[in-house]
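Q: Below are the structure tokens for one structure; questions will follow.
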Amino acid sequence: MSSLWSRLEPLLARVRKPARYIGCEDGAASPQHGHGKVAWLLAYPDVYEVGLPNQGLQILYEILNERPDAVAERSYAPWVDLEKLMRERGIPLFSVDTHRSADEFDILAFNLSAELVYTNVLNMVDLAGFPVRADQRRPEHPLVIIGGHAAFNPEPMADFIDCAVLGEGEEVIGEITDVVREWKSSGRTEGSRSAVLRRLAQIPGVYVPSMYDVEYDGDRVVGITPAYPDVPELVTKRTVSDLGQWQYPKRPLAPLTEVVHDRLAVEVFRGCTRGCRFCQAGMITRPVRERPAEQVRTMITEGLKRTGYNEVSLTSLSTADFSGIESVVTSIVPDPTACGAPTVSLPSLRVDAFTVGLAAKVASGRRSGLTFAPEAGTWRLRTVINKLITEDDLYGAVESAFSSGWSRMKLYFLTGLPTETDVDTEGIVDLAAGCVSIGKKHTNRASVTVSVGGFVPKAHTPFQWFGQNGVPELRRKIGLVREAASKAKGVQVKWHDPAATLAEGIASRGDRRVGAVIERVWRAGGTFQEWSEFFDLDRWLDAMAAEGLSVDWYVTRHRDENEVFPWHHLSAGLHHDFLWQDWRSALAEAGLEDCRWTPCYDCGVCTGDGLEHIVASPVAPAGGSQGTGQNLTFGGSVPITLRPKPSLVNHDVVSAGRG
Amino acid sequence: MKVRVSYSKLGKIRFTGHRDVARIWERTLRKAEVPVAMSTGFTPRLKMAFGLALPTGAESLVELLDVTLADDVDDLESLVRRLDESLPVGMAVTGIRECGPSEVSLQEDVVATTWVMAIDAADVSGNIDRLNAACEVWVDRERKGESRRDDIRSGILGLRTISTETSELLPPLWLGESSGVLIEATLTTAGRGIRPTELVEALVPGCEPWNHLTRVLRINQMIERDGEHVDVLSARPAHTEVGA
């Protein structure tokens, strides 16, 4: 092997945060490359501090390194200062584990958690020394694979990638390894690249864009069909049925330098059936699969011991919904070690007093801020988006938080949601002001920060038909919130740049033609587009214009029932009919209950894939309305009552939950 | 009970910063299950006090750390073993001793440090002679965000070229990988102390120091006792000494 370390080393004292590039983490593997082993370079297209904590990447890193026929290393996007020095000296993209050049790997696999990182993928492929366009890559070049949430509509990346993996990677990476191992041992001969791709296309969950033809009628996509008879018409996501069988990571990575989530993370469940209609994560990760509470405890104890962290984050899309949450939390808290008791952090808190009680139990030290996400300012709009938390839920949560010693609240909202009126937008400040007045009863320092983000409709959600608000409309709505807040004492407003929201919209529901736009943005220097200091909407608009593509067509246009989406041939398991029905229910302001504790409404995921929810408790946990709009303060003793499946005429069901 | 630990920081890990090292030690002490005392207050922290910060990119044979233990530990040797097992590659404990509760903090006590630097530039020894002969050495430097021009001559307490043969202290790793002329410099840390990069700027005027400073290693930290500079770890009556 040829390590690039001796060439990198003299550069590192000259760049910011050089510890990003040294590897050496606790838990890092000692990869042994060799003949007959498939070498994966697991890449995260953002800077080390953001990418290192990524659990998906850590899990696959460990599973691959356990295989006798595979080896995995990691790579992160070099920051612009090092990239410049590398390009000046012809140093290619490298792994942080052994500082190997990317061309010593068979697979370059990217984990994509957001769309704006697409240009960084191109940049890293180019920095590695490979052609960015897949059809120009030769047998000696690695396969470029993408996975993660932002790979569920991979069409904008179709020209640049060899494959996209839909869904969870634990099992499918082994199947990919098998195919690539044979390709490798056959010598990767001239012309063999398309043959190996053809074989990969037959693995469930693996999508090979070059094996499909897209047919257009003007702007419109009218068909996406396999080019060969043995390539599937529909690629469906992969899902592991039982999280308890995948106790990973066993050797969590503890970095030597500070990263964004600098604590142990233990995933308590996957999937979420709260059914928030804007939430792509909730739709594409179904069904709910809880990890056994006992295994969670083991992972916490062993992980803390192994890493030396004293803080553990229990991760999921809504951690208070975990059946074993109270028992797990209580079992950690009263167990002080030599260096102080470990603390627990609960991200993604549900909005209710019970949850805050839980947070109060685990919080140690100064209680500075607590974050809730009501997402919309009025009950009406919350029924549209199916985030069925009542004002009572929020105020109960806030009351509980202020009375437990917190003094600052942060409330997350989306604006530009379907059917949103100015009453809804201004309702954001009404809610915040209500929270401030509750806080003032407890402390003079009470403050509430409202964080407003522009809504971007995502593939595989009921809102995929919705025309996103343009930049002027989002600016106007943010202006409404700011103006209302200026009259409300104690309410601060932060907002996400509507320009970045628009660019995200272009990438999120784009088809293959958007690929040329991404390439133009990248060639114009547009890397690190999630970083405001590097983002410039003009690059995107110029690229769209140069390609003759309409922003309105891709972003702000409402789609109708006959729309053939660019991801028409890709499935997250959700029935198209379910998504359409749920979209109609949204417009009719009809809510839909959480199917974990109520009969199945057949969204398609469980029935299609022979899966089922794995939830330890047959009834909802205690607290608030549990996102049903009903009073369920007593939890288990009051199971959720079954409401009829919402339909277009089903207004009264939801209104029964008000007050 | 308070212990003073010295440790080395060599190789790739030299690119971690001072704050990173503090976090590495917190995790190491927990991994090694050392009974460290906690501070009181809203956010209890491990009671640790670090010596002078080592610049990111510099290596050291003598980094210092005071740790207050919640319980007395008799067997300091086994403590050292546990710490070494838990420290990341590139860091190792080199000494430990008990120190009195009233001892002056490391930050205040250390008056000078000795560095070995590998400098890749023309006529380094001629420039060393020039500096040694000069009465004033002015450099532009930054402190607390403000740029200022200082005479650093009186803070250069020793400056000479050395050869790899004469310096037995140098770690093997260092010898093969560093390029340039080796120099040894003893620089003051009192007041506005002198950083190795500032010395390089004095030796190679107008340069970007890290373009010439290929490697830098702290080999000694000294405190003043009875007008003499003495090695910091051996400066006090040692209750316990463990060579590691």
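Q: From the residues in the stretch A:25-47 that are closer than 15 Å to A:Asp103 by Cα and buried (at least 21 other Cβ atoms within 10 Å of the Cβ), which one is farthest from the other protein chains (Cβ to nearest Cβ)?
A: The qualifying residue farthest from the other protein chains (Cβ to nearest Cβ) is A:Val38.
Q: Continuing with this model, one more query. Does any residue of the stretch B:140-159 turn out to be over 30 Å from A:Gly23 (Cβ atoms), touching a helix residue (DSSP H, G or I) at 6+ places or on another chain (Cβ under 6 Å) and part of a loop (DSSP other than H, G, I, E, B)? Before you say what the answer is, go through the steps one by one.
A: Taking the stretch B:140-159 first, the residues over 30 Å from A:Gly23 (Cβ atoms) are B:140-159.
Now drop any that are not touching a helix residue (DSSP H, G or I) at 6+ places or on another chain (Cβ under 6 Å), which leaves B:141, B:159.
Next, only the ones that are part of a loop (DSSP other than H, G, I, E, B) stay: none.
No; the residues of the stretch B:140-159 include none that is over 30 Å from A:Gly23 (Cβ atoms), touching a helix residue (DSSP H, G or I) at 6+ places or on another chain (Cβ under 6 Å) and part of a loop (DSSP other than H, G, I, E, B).
Q: Now for a separate question. Yes or no: the stretch A:106-123 includes at least one residue that is open to solvent by 30 Å² or more (accessible area, probe 1.4 Å), outside the structural domain of A:Arg286 (by TED's automatic domain parsing) and part of a helix (DSSP H, G or I).
A: Looking through the stretch A:106-123, none of the residues is open to solvent by 30 Å² or more (accessible area, probe 1.4 Å), outside the structural domain of A:Arg286 (by TED's automatic domain parsing) and part of a helix (DSSP H, G or I).
Q: While we're on this one: Among the residues of the stretch A:291-312, how many are away from chain B (no Cβ under 14 Å) and open to solvent by 10 Å² or more (accessible area, probe 1.4 Å)?
A: Total satisfying the criteria: 7.
Q: Would you say B:Ala185 is touching a helix residue (DSSP H, G or I) at 6+ places or on another chain (Cβ under 6 Å), surrounded by 13 or more Cβ atoms within 10 Å (Cβ to Cβ) and either small (Gly, Ala, Ser) or modelled with pLDDT of 85 or more (or both)?
A: On the way: touching a helix residue (DSSP H, G or I) at 6+ places or on another chain (Cβ under 6 Å): yes; surrounded by 13 or more Cβ atoms within 10 Å (Cβ to Cβ): yes; either small (Gly, Ala, Ser) or modelled with pLDDT of 85 or more (or both): yes.
For B:Ala185, the condition - touching a helix residue (DSSP H, G or I) at 6+ places or on another chain (Cβ under 6 Å), surrounded by 13 or more Cβ atoms within 10 Å (Cβ to Cβ) and either small (Gly, Ala, Ser) or modelled with pLDDT of 85 or more (or both) - is met.
Q: Which condition does A:Ser437 not pass, out of (1) under 30 Å from A:Gln581 (Cα atoms); (2) in a helix (DSSP H, G or I); (3) open to solvent by 30 Å² or more (accessible area, probe 1.4 Å), if it passes all the others?
A: The single condition A:Ser437 does not satisfy is (1).
Q: Follow-up. Sort through B:Leu61, B:Leu79, B:Leu131, B:Leu52 and tell me the only one that's touching a residue at least 12 places away in the same chain (Cβ under 8 Å), within 14 Å of chain A (Cβ to nearest Cβ) and either outside any strand (DSSP E or B) or closer than 30 Å to A:Leu8 by Cα (or both). I'd like the intermediate steps shown before the answer.
A: Details: B:Leu61 fails: within 14 Å of chain A (Cβ to nearest Cβ); B:Leu131 fails: within 14 Å of chain A (Cβ to nearest Cβ); B:Leu52 fails: within 14 Å of chain A (Cβ to nearest Cβ).
On inspection, the qualifying residue turns out to be B:Leu79.
Q: Restricting to the stretch A:408-418, give me the number of residues that are open to solvent by 10 Å² or more (accessible area, probe 1.4 Å) and over 23 Å from A:Leu592 (Cα atoms). Spell out how you get there, then give the answer.
A: Initially, the stretch A:408-418 is screened for residues open to solvent by 10 Å² or more (accessible area, probe 1.4 Å), giving A:408, A:410, A:412, A:414.
From what's left, over 23 Å from A:Leu592 (Cα atoms): A:408, A:410.
Going through the stretch A:408-418 one residue at a time, the tally reaches 2.
Q: Could you figure out which of (1) closer than 20 Å to A:Thr257 by Cβ; (2) aliphatic (A, V, I, L, M); (3) more than 10 Å from chain A (Cβ to nearest Cβ); (4) touching a residue at least 60 places away in the same chain (Cβ under 8 Å) isn't true of B:Val89?
A: (3)
Q: Find the residue count for the stretch A:313-334, including only residues that are of a type in the set (Val, Ile, Thr) and either within 14 Å of another protein chain (Cβ to nearest Cβ) or without any contact (Cβ under 8 Å) to a residue 12 or more places away in the chain (or both). Spell out the reasoning first.
A: As a first pass, look at the stretch A:313-334 and keep what is of a type in the set (Val, Ile, Thr): A:315, A:319, A:325, A:328-330, A:332-333.
Now narrow it down to the ones that are either within 14 Å of another protein chain (Cβ to nearest Cβ) or without any contact (Cβ under 8 Å) to a residue 12 or more places away in the chain (or both): none.
Of the residues in the stretch A:313-334, 0 are of a type in the set (Val, Ile, Thr) and either within 14 Å of another protein chain (Cβ to nearest Cβ) or without any contact (Cβ under 8 Å) to a residue 12 or more places away in the chain (or both).
Q: Let me ask something else about it. Considering only the stretch A:247-267, state which residues are part of a loop (DSSP other than H, G, I, E, B), of a type outside the set (Lys, Arg) and surrounded by 18 or more Cβ atoms within 10 Å (Cβ to Cβ). Break it down into steps so the answer makes sense when it comes.
A: First, the residues of the stretch A:247-267 that are part of a loop (DSSP other than H, G, I, E, B): A:247-253, A:255-263.
With the extra rule that they be of a type outside the set (Lys, Arg), the set shrinks to A:247-249, A:252-253, A:255-262.
The answer is A:Tyr248, A:Pro249, A:Pro252, A:Leu253, A:Pro255, A:Leu256, A:Thr257, A:Val259.
Q: Let me ask something additional. Please determine, by comparing only the residues of the stretch A:529-557 that are within 16 Å of A:Pro156 (Cα to Cα) and among the aromatic types (Phe, Trp, Tyr), which one is most open to solvent (accessible area, probe 1.4 Å).
A: A:Trp553
Q: Before we move on, is B:Thr43 over 19 Å from the mean Cα position of the chain (by Cα), open to solvent by 40 Å² or more (accessible area, probe 1.4 Å) and at the interface with chain A (Cβ under 10 Å from one of its Cβ atoms)?
A: Numbers: over 19 Å from the mean Cα position of the chain (by Cα): yes; open to solvent by 40 Å² or more (accessible area, probe 1.4 Å): yes; at the interface with chain A (Cβ under 10 Å from one of its Cβ atoms): yes.
Answer is yes for this residue.
Q: How many residues are open to solvent by less than 10 Å² (accessible area, probe 1.4 Å), under 23 Å from A:Thr390 (Cβ atoms) and among the small types (Gly, Ala, Ser) if we restrict to the stretch A:440-484?
A: Count: 1.
Q: Touching a Gly at 6+ places or on another chain (Cβ under 9 Å), away from every other protein chain (no Cβ under 14 Å) and not basic (Lys, Arg), is that true of B:Ala118?
A: Numbers: touching a Gly at 6+ places or on another chain (Cβ under 9 Å): yes; away from every other protein chain (no Cβ under 14 Å): no; not basic (Lys, Arg): yes.
So B:Ala118 does not fit the description; no.
Q: Scan the stretch A:6-24 residue by residue and report those that are open to solvent by less than 30 Å² (accessible area, probe 1.4 Å), within 8 Å of another protein chain (Cβ to nearest Cβ) and under 30 Å from A:Asp69 (Cβ atoms). Don't jump to the end; show me each part of the working.
A: Start the filter on the stretch A:6-24 by keeping residues that are open to solvent by less than 30 Å² (accessible area, probe 1.4 Å), which leaves A:8-9, A:11-13, A:15, A:18-23.
Then keep just the ones that are within 8 Å of another protein chain (Cβ to nearest Cβ); that gives A:9, A:12-13, A:18-19, A:21-23.
If the condition is that a residue be open to solvent by less than 30 Å² (accessible area, probe 1.4 Å), within 8 Å of another protein chain (Cβ to nearest Cβ) and under 30 Å from A:Asp69 (Cβ atoms), then A:Tyr21, A:Ile22, A:Gly23 are the ones that fit.
Q: Let me ask another. Being among the charged types (D, E, K, R), free of Cβ contacts under 8 Å to residues at least 40 places away in the same chain and either open to solvent by 10 Å² or more (accessible area, probe 1.4 Å) or assigned to a helix (DSSP H, G or I) (or both) is true for just one of A:Glu62, A:Glu88. Which residue is that? Lay out the reasoning, then the answer.
A: Details: A:Glu62 fails: free of Cβ contacts under 8 Å to residues at least 40 places away in the same chain.
Only one candidate passes the filter, namely A:Glu88.
Q: Can you list the strands (runs of 3 or more DSSP E) lying wholly within the stretch A:141-225 that have 2 or more residues being among the charged types (D, E, K, R)? Full working, then the answer.
A: Details: elements: A:143-147, A:163-165, A:212-217.
By residue number, A:212-217.
Q: Go over the candidates B:Val89, B:Val111, B:Val104, B:Val67 one by one and state the one that is within 19 Å of the chain's Cα centre (by Cα) and modelled with pLDDT under 90. Give the derivation first.
A: Details: B:Val89 fails: modelled with pLDDT under 90; B:Val111 fails: modelled with pLDDT under 90; B:Val67 fails: modelled with pLDDT under 90.
After ruling out the rest, the residue left standing is B:Val104.
Q: Looking at B:Arg23 and the list (1) of a type in the set (D, E, K, R); (2) over 19 Å from B:Gln221 (Cβ atoms); (3) open to solvent by less than 40 Å² (accessible area, probe 1.4 Å), which single condition is not satisfied?
A: (3)
Q: Quick one: A:Thr421 ticks every box in (1) out of contact with any strand residue (DSSP E or B) (no Cβ under 7 Å at 6 or more places or on another chain); (2) surrounded by 20 or more Cβ atoms within 10 Å (Cβ to Cβ); (3) more than 26 Å from A:Lys361 (Cβ to Cβ); (4) polar (S, T, N, Q) except a single one, so which number is it?
A: The one condition A:Thr421 does not meet is (2).
Q: Would you point out which residue out of A:Asp135, A:Asp162 is open to solvent by less than 10 Å² (accessible area, probe 1.4 Å) and under 19 Å from A:Arg199 (Cβ atoms)?
A: Values: A:Asp135 fails: open to solvent by less than 10 Å² (accessible area, probe 1.4 Å).
So the residue among A:Asp135, A:Asp162 that is open to solvent by less than 10 Å² (accessible area, probe 1.4 Å) and under 19 Å from A:Arg199 (Cβ atoms) is A:Asp162.
Q: Which residue is farthest from the other protein chains (Cβ to nearest Cβ), if the candidates are limited to the stretch A:354-365 and must be at pLDDT below 80 and open to solvent by 20 Å² or more (accessible area, probe 1.4 Å)?
A: A:Phe354
Q: Return only the number of the condition from (1) surrounded by fewer than 21 Cβ atoms within 10 Å (Cβ to Cβ); (2) outside any loop (DSSP other than H, G, I, E, B) that B:Glu33 does not satisfy.
A: For B:Glu33, the failing item is (2).
Q: Taking the conditions exactly as written (in a helix (DSSP H, G or I), modelled with pLDDT of 95 or more and either open to solvent by less than 40 Å² (accessible area, probe 1.4 Å) or of a type outside the set (D, E, K, R) (or both)), does A:Ala281 satisfy them or not? Spell out how you get there, then give the answer.
A: Details: in a helix (DSSP H, G or I): yes; modelled with pLDDT of 95 or more: yes; either open to solvent by less than 40 Å² (accessible area, probe 1.4 Å) or of a type outside the set (D, E, K, R) (or both): yes.
So A:Ala281 passes the test.
Q: Which of the residues that make up the stretch A:366-388 are in contact with a strand residue (DSSP E or B) (Cβ under 7 Å, 6 or more places away or on another chain), open to solvent by 10 Å² or more (accessible area, probe 1.4 Å), at pLDDT 90 or above and not acidic (Asp, Glu)?
A: Hits for the stretch A:366-388 are A:Ala373, A:Lys387.
Q: Of all the residues that make up the stretch A:121-158, how many are closer than 13 Å to A:Gly515 by Cα and touching a Ser or Thr at 6+ places or on another chain (Cβ under 9 Å)?
A: Initial filter on the stretch A:121-158 (closer than 13 Å to A:Gly515 by Cα): A:121-122, A:132-134, A:153-158.
With the extra rule that they be touching a Ser or Thr at 6+ places or on another chain (Cβ under 9 Å), the set shrinks to A:122, A:134, A:153, A:156, A:158.
The qualifying residues number 5.
The values are calculated or read from the model by the stated rules, or taken from the named source; none is laboratory data. The structure presented is a predicted model; accordingly, all values stated were derived computationally and were not measured. Please note: Cβ atoms are built from the backbone with ideal geometry, for glycine as well, and neighbour counts cover all protein chains shown. For accessibility, only protein heavy atoms count, side chains too; no ligands or nucleic acids. Shrake-Rupley method; radii C 1.70, N 1.55, O 1.52, S 1.80 Å.
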